[in-house]
Amino acid sequence: MQRQTIISKSGRTKKTCRITELTNIFYFNYHDRQNIQKPDACFINVQTKFIFVTGGVMSGLGKGVTTSSIAKLLQLADQKVSCIKIDPYLNYDAGTMNPVAHGEVFVTEDGGECDMDIGNYERFLNQNIPKSHNITTAQVYSSVIEAERKGEYLGACVQIIPHVTDEIKNRIKKIAEDEKLDFLIVECGGTVGDIESLPFLEALRQIRVEEGPQGVIFVHVTLAPSLDVVGEQKTKPTQHSAQELRRIGIQPDFLAVRCSSPLEEKTKKKIAMFTNVTTKDVLSCHDAKSIFEVPQILYDQGIMDSIFTKFGKVGMVNTSANWDEWNKIAKNMVNHEDHKVKIAMVGKYVTLADSYVSVNHALKHAGAQLGKSIDIDWIDSESITDYDTLSNYDGILVPGGFGIRGSEGIIQTANFAREKNIPYLGICFGFQLAAIAFARNVLNLEDSNSTEIKPDSKNPVVDLLPEQQSVSDMGGSLRLGANNILIKENSKAEKIYNSKLISKRHRHRYEINAKYIPEFEKNGLIFSANSDDHKRMEILEIPNHKFYLGVQFHPEFNSRPGFPEESFVSFIKAASEEY
Ligand code: GLN
């Protein structure tokens, strides 16, 4: 992606434009925003540099963390960076997938229901990633088929190469161009050898041909398992996987090799020898105490110098990372073993830790800020019978969920937390079912329920959003993304957020039925925040409880290491008796 950047002698004035605009160059003064003639300016040709991350051997090796860590290093060196996740599956987005099978659905500010790696990128970079950065097979094929129907390829036989690959390339290059990035890191989901990912890998290969070796580098993530007592690091899976990549025309520049203990020099040499990768670019990605240590692990092996050398940028940019703030954050995430806070997370999708990955992170971010380490026990709301065991916890959190299964267990849990004065944070489903628990047990409203769970309930305390009545598609049709929320004065919510106006991300189809609000409020449960001209209830609280908060939105998606989300901080404070 060739562009021209004009930088004044002071190095501060910067204007980037496409190479085709060069006949019309003007100098742009960054500070007073005026066009000025500045004949002493110097010219530097720059391109958005692409780093493509592929996966080998098997899934679950941490491609997302490798991608995020490389992006973080470049950001720490003052580069403008973003990431893309390619998901080669046929779903249009992650919204219709079961979180137990595929991990959490991460919701972006602009309402994308995305792969959870987008959450990793946001947390590492502390920057919002738009939904266009999660590309799937369905999105690509839909565009190609739509264009074909409109006659945009008239006369042509529409094929995977070039039409599908062009669509993939255009999406990637458009993001690089629109966002004027120095670096764009693209992670291709799946494992090399999968049929589904072939068109994507082919498109990435073509971008390398078009942009040249100084425009694109490939990082391949593999595994070196250590077997039995001898503990020898085995290289064959990595050799085969690099070979598979070469078979489709891609020679990796770096190998990021997952292993339990640091990769030995002789293992690196052996891998290098069989894969045509320089020994110093065979990187050990050994187990770390926290994922936030991975950037440092890669940096210490010289990845930054290698990247800038390969891109021919040495001497033109600052290659050393500014570690101060990040290291403080990374250290703070692991160092509080003496101060444990025990949290029960009662939910529906507890068999896979990744189902609630952002909630887990948000709890830990809050803990780190308060000097606490968080112990989370996942409790299946479908099988819980002995609610008294919940008294062993400092706090109870109920995350989001859908459908009837396990909902009664959540309602009982919310009621138990209220009765026993245990700090409670209910998110989305956990907010709605807390209201139902209150309606049943305090308001004595017989058969209170959500119409999602019992459509003919006598007291539908939670009901379908009015605009959802006519919706029939399941995909992408919930109330999604960031919305403004107004907080009432003198409420706990106002104290928590220290503001009367916040913006949070949503993902729901049901809401509190406004008809019941007066009765709730007469009996000690307050709806302390709302949205859309007071139509929609967003926060509930019980003022005479130690800490009882329900939120219709998803605060976990806004939490970042070093910048924890406020409701999590208050919840952990309350759970550690500091509220
Ligand atoms: N199932 C509920 C709804 O659709 C809650 C959704 C959620 O927890 N994300 O409104």
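Each value in this text was obtained by applying a stated rule to the coordinates, not by laboratory testing. All figures in this text were calculated on a predicted structure; none of them were measured in a lab. No Cβ is skipped: glycine too gets one built from the backbone with ideal geometry, and neighbour counts run over all protein chains shown.
For a quick check: sort THR238, THR66 by the number of other beta carbons within 10 angstrom, fewest at the front.
Numbers: THR238 29, THR66 25.
With the sparsest Cβ surroundings first, the list reads THR66, THR238.
Which of the aspartates and glutamates could a cross-linker span from LYS270 if the Cα-Cα distance has to be under 17 Å and same-chain partners fewer than 8 positions apart are dropped?
Correct list for LYS270: GLU232, ASP253, ASP281.
By per-residue mean of other Cβ atoms within 10 Å, what is the highest-first order of 296-307, 347-358? Write down the numbers at each step before the final one.
Numbers: 296-307: 18.4, 347-358: 20.6.
Going by the mean number of other Cβ atoms within 10 Å, highest first, we get 347-358, 296-307.
Which value in nm describes the separation of the simple spin-label points at LYS236 and ILE161, placed 7 Å from the Cα toward the beta carbon?
Computed distance between label sites LYS236 and ILE161 equals 3.1 nm.
Excluding same-chain residues fewer than 8 positions from LYS310, which lysines have a Cα within less than 16 Å of its Cα?
Counting by Cα, and skipping residues close in sequence, LYS310 has these lysines nearby: LYS49, LYS280.
I'd like to know which of GLY406, LEU298, ASN498 lies farthest towards the positive end of the charge dipole of the chain, counting +1 on Cβ of Lys and Arg and -1 on Cβ of Asp and Glu.
After comparing all options, I get LEU298.
Amide H neighbours of ILE129 under 5 Å, counting only residues 5+ apart in sequence or on other chains, H built in-plane at 1.01 Å?
GLU109
Of all DSSP beta bridges in the chain, what percent run antiparallel (nearest 5)? Before the final figure, lay out the partial values.
Numbers: 38 of 89 bridges.
So the antiparallel bridges amount to about 45 percent of the total.
Evaluate the relative contact order of the chain (contact order divided by residue number), counting alpha-carbon pairs under 8 angstrom at least 6 apart; express in whole percent.
Working: 1171 pairs, mean separation 75.7, N = 579.
Contact order relative to length: 13 percent.
Give the residue list of GluC sites (Glu not before Pro) in the stretch 142-176 that are DSSP loop and have at most 16 other beta-carbon atoms within 10 angstrom.
GLU152
Measure nothing fancy, just the Cα-based angle from helix 63-76's long axis to the longest principal axis of the chain, in degrees from 0 to 90, nearest 10.
Once rounded, the angle reads 70 degrees.
In whole Hz, what ³J(HN,Hα) sequence does the stretch 108-114 give by Karplus (6.51, -1.76, 1.60; θ = phi - 60°), x for Gly and Pro?
Karplus-based 3J(HN,Hα) across the stretch 108-114 equals 8, 3, 8, x, x, 9, 10 Hz.
Arrange the following residues from fewest to most other Cβ atoms within 10 Å of their Cβ: HIS554, HIS534. Intermediate results must be reported in sequence, preceding the final value.
Numbers: HIS554 24, HIS534 10.
The most exposed by this proxy come first: HIS534, HIS554.
I'd like the Kirkwood hydrodynamic radius of the chain, using the inverse of the mean 1/r over distinct C-alpha pairs, in Å.
Values: mean 1/r = 0.0386 Å⁻¹.
With all distinct Cα pairs of the chain included, I get 25.9 Å.
Among LYS495/LYS546; LYS492/LYS535; LYS236/LYS269; LYS340/LYS488, which pairs are too far apart, with a Cα-Cα distance over 24 Å? Write out the running numbers ahead of the final one.
Details: LYS495/LYS546 14 Å; LYS492/LYS535 20 Å; LYS236/LYS269 13 Å; LYS340/LYS488 33 Å.
From LYS495/LYS546; LYS492/LYS535; LYS236/LYS269; LYS340/LYS488, over 24 Å: LYS340/LYS488.
How much length is gained on full extension from GLN469 to ASP300, taking 0.36 nm per residue of separation minus their Cα-Cα distance? Intermediate results must be reported in sequence, preceding the final value.
Numbers: separation 169, 0.36 × 169 = 60.84 nm, distance 5.61 nm.
In short, 55.2 nm is gained.
What ranking do 426-435, 270-279 get when scored by the average of other Cβ atoms within 10 Å per residue, highest first?
Top to bottom by mean Cβ count within 10 Å: 426-435, 270-279.
Starting from the 7 Å offset along Cα-to-Cβ, what nm value, one decimal, do you get for the label separation of ALA288 and ARG246?
3.0
How much FRET efficiency would the formula 1/(1 + (r/R0)^6) give for ALA353 and TYR153, where r is the Cβ-Cβ distance and R0 is 51 Å, rounded to 0.05?
Working: r = 45 Å, r/R0 = 0.88.
About 0.70, to the nearest 0.05.
Starting from the Cα of TRP323, step 7 Å toward the Cβ, then list every residue of the stretch 292-311 with an amide N under 20 Å from that point.
Within reach of a label on TRP323: 292-309.
Which whole-number percentage describes the relative contact order of the stretch 394-508, with Cα contacts under 8 Å and a sequence gap of 6 or more? Numbers along the way, then the final one.
Details: 153 pairs, mean separation 21.0, N = 115.
That works out to 18 percent.
Which peptide among 484-496, 124-136 comes first, and what is the full order, when sorted by highest mean count of other Cβ atoms within 10 Å?
Working: 484-496: 17.2, 124-136: 20.5.
Averaged packing, sorted descending, gives the order 124-136, 484-496.
Gain in length, ASN392 to LEU198, computed as 0.36 nm per residue apart minus the alpha-carbon separation, to one decimal in nm? Walk me through the intermediate numbers first.
Details: separation 194, 0.36 × 194 = 69.84 nm, distance 5.06 nm.
Value of the extension gain: 64.8 nm.
Could you check the spin-label model distance between LYS342 and ASN441? Points 7 Å from the Cα along Cα→Cβ, value in nm.
That separation, rounded to one decimal, is 2.0 nm.
Under a 5 Å amide H to amide H cut-off, with H placed in plane at 1.01 Å, what residues pair with VAL461 once short-range neighbours are removed?
Those lying under 5 Å, H to H, from VAL461 are ASN449.
With r as the distance between the Cβ atoms of GLU210 and GLN127 and R0 = 25 Å, compute the FRET efficiency 1/(1 + (r/R0)^6) and round to 0.05. Display every interim value, and only then the final one.
Numbers: r = 27 Å, r/R0 = 1.09.
Computed FRET efficiency for GLN127 and GLU210: 0.35.
On a 0 to 90 degree scale, rounded to 10, what angle separates helix 566-575 from the longest Cα axis of the chain?
On a 0 to 90 degree scale, this one is about 50.
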